[in-house]
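Asker: Sending over a structure as structure tokens; questions will come in a sec.
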Amino acid sequence: MTPSEPQGQIFPDGTQPPGTASLAAGAGLAHAEHRLPDRVAAQDWPALEAALGRDGFAVLPAFLGKPECERLSAYFPQTARFRSRIVMERYAFGRGEYQYFRYPLPDLVAGLRAGLYPRLAPIANRWHAALKIKETFPASHDAYLQQCHRAGQLRPTPLLLHYRAGDYCCLHQDLYGDCVFPFQVIFLLSEPGRDFSGGELLLTAHQPQRPGRVEVVPLSQGDAVILAVNHYPVPGARSYRRASLRHGVSRLHWGERYTLGIIFHDAR
């Protein structure tokens, strides 16, 4: 969901920021005491994979702490950190605006992207096997980015989104080219009821020859949502079928809402 922009230079960034807690007990722990690899490892990944296969999405409560959310939101006016800015209304995407980070990514953004990918890649490979798709994904994100770059997808895709009262985002999918990693992760950086009202995350799922399903995903500040970028496998009578997933944001009633989107493939 982006117009074409010039490509930025790529720099390696392996640093990892402080982290937080487990899926079950994350809200009760001090985020500063837990590094990102620890909080990623602490998740119940079999349960998350089951939720992804059942619903096309899974929620990680309190994955980011409030200081991390505030640090990420504060990047938005720092234009030098971004390669492009999109005003949604100009392209009939909705209302609001978002900006794509340029390389090198901020440490926290790079750490989230590189740290979550190795846990999601095996699930992605099992999904592709179930759907009889030949493409497979390497174990590391660096190796996957090399595949993207060989395919001409060179521009970074992590983005910050900003909504004000009356803004919304139309249902869409974030594809960006032929190389598409099956998952993305959305982090809510603002607190509902304190910073804004409305602005719920909306998901629609469609299976062949069945009515569509709509989900409203309730989130708090720091929660993360893993969701299918394009489609996910659902069991049929003889084999798996593809269910298509789209996501968007309902209209804000008041306040401001910031969101971080982590997309694992780069863009053309």
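Asker: So which residues in segment 181-216 are of a type in the set (A, V, I, L, M, F, W, C) and closer than 29 Å to THR136 by Cβ, if there are any at all?
Answerer: Initially, segment 181-216 is screened for residues of a type in the set (A, V, I, L, M, F, W, C), giving 181, 183, 185-189, 196, 201-203, 205, 214, 216.
The answer is PHE181, PHE183, VAL185, ILE186, PHE187, LEU203, ALA205.
Asker: Every residue in segment 185-223 that is more than 30 Å from LYS134 (Cβ to Cβ), part of a strand (DSSP E or B), of a type in the set (A, V, I, L, M) and open to solvent by less than 20 Å² (accessible area, probe 1.4 Å), please.
Answerer: LEU188, LEU201, VAL217, listed by residue number.
Asker: Shifting gears a bit: For segment 224-240, which positions are of a type in the set (D, E, K, R) and either touching a strand residue (DSSP E or B) at 6+ places or on another chain (Cβ under 8 Å) or crowded, with 16+ Cβ neighbours inside 10 Å (or both)?
Answerer: If the condition is that a residue be of a type in the set (D, E, K, R) and either touching a strand residue (DSSP E or B) at 6+ places or on another chain (Cβ under 8 Å) or crowded, with 16+ Cβ neighbours inside 10 Å (or both), then no residue fits.
Asker: When you check ALA243 against the structure, is it within 20 Å of the chain's Cα centre (by Cα) and under 27 Å from LEU64 (Cα atoms), yes or no?
Answerer: Values: within 20 Å of the chain's Cα centre (by Cα): yes; under 27 Å from LEU64 (Cα atoms): no.
It is false that ALA243 is within 20 Å of the chain's Cα centre (by Cα) and under 27 Å from LEU64 (Cα atoms).
Asker: Could you list, in sequence order, all residues of segment 145-166 that are open to solvent by 10 Å² or more (accessible area, probe 1.4 Å) and touching a helix residue (DSSP H, G or I) at 6+ places or on another chain (Cβ under 8 Å)?
Answerer: LEU154
Asker: Now a separate question. Among all residue pairs at least 6 apart or on different chains, which show Cβ distances below 8 Å where the first residue, located in segment 83-102, is closer than 12 Å to HIS162 by Cβ and without any contact (Cβ under 8 Å) to a residue 12 or more places away in the chain and the second is part of a strand (DSSP E or B) and open to solvent by 10 Å² or more (accessible area, probe 1.4 Å)?
Answerer: Between residues of segment 83-102 that are closer than 12 Å to HIS162 by Cβ and without any contact (Cβ under 8 Å) to a residue 12 or more places away in the chain and residues that are part of a strand (DSSP E or B) and open to solvent by 10 Å² or more (accessible area, probe 1.4 Å), the close pairs are VAL87/GLU97.
Asker: Another question about this same structure. Being touching a Phe, Trp or Tyr at 6+ places or on another chain (Cβ under 8 Å) and assigned to a loop (DSSP other than H, G, I, E, B) is the filter here, so list the residues in segment 34-72 that pass it.
Answerer: Within segment 34-72, GLY56, PHE63, LEU64 qualify.
Asker: Within the group TYR98, TYR75, which residue is at pLDDT 95 or above, open to solvent by less than 30 Å² (accessible area, probe 1.4 Å), in a strand (DSSP E or B) and in contact with a helix residue (DSSP H, G or I) (Cβ under 9 Å, 6 or more places away or on another chain)?
Answerer: The unique qualifying residue is TYR98.
Asker: So PRO182 passes all but one of these: (1) in contact (Cβ under 8 Å) with a residue 40 or more places away in the chain; (2) open to solvent by 50 Å² or more (accessible area, probe 1.4 Å); (3) not small (Gly, Ala, Ser). Which condition number does it fail?
Answerer: Exception for PRO182: condition (2).
The values are calculated or read from the model by the stated rules, or taken from the named source; none is laboratory data. None of these values were measured; they are calculated from a predicted model. Because the Cβ atoms are built from the backbone with ideal geometry, glycine has one as well, and the counts that use them run over all protein chains shown. Protein only, heavy atoms only, side chains kept; ligands, DNA and RNA dropped before computing areas. Shrake-Rupley method; radii C 1.70, N 1.55, O 1.52, S 1.80 Å.
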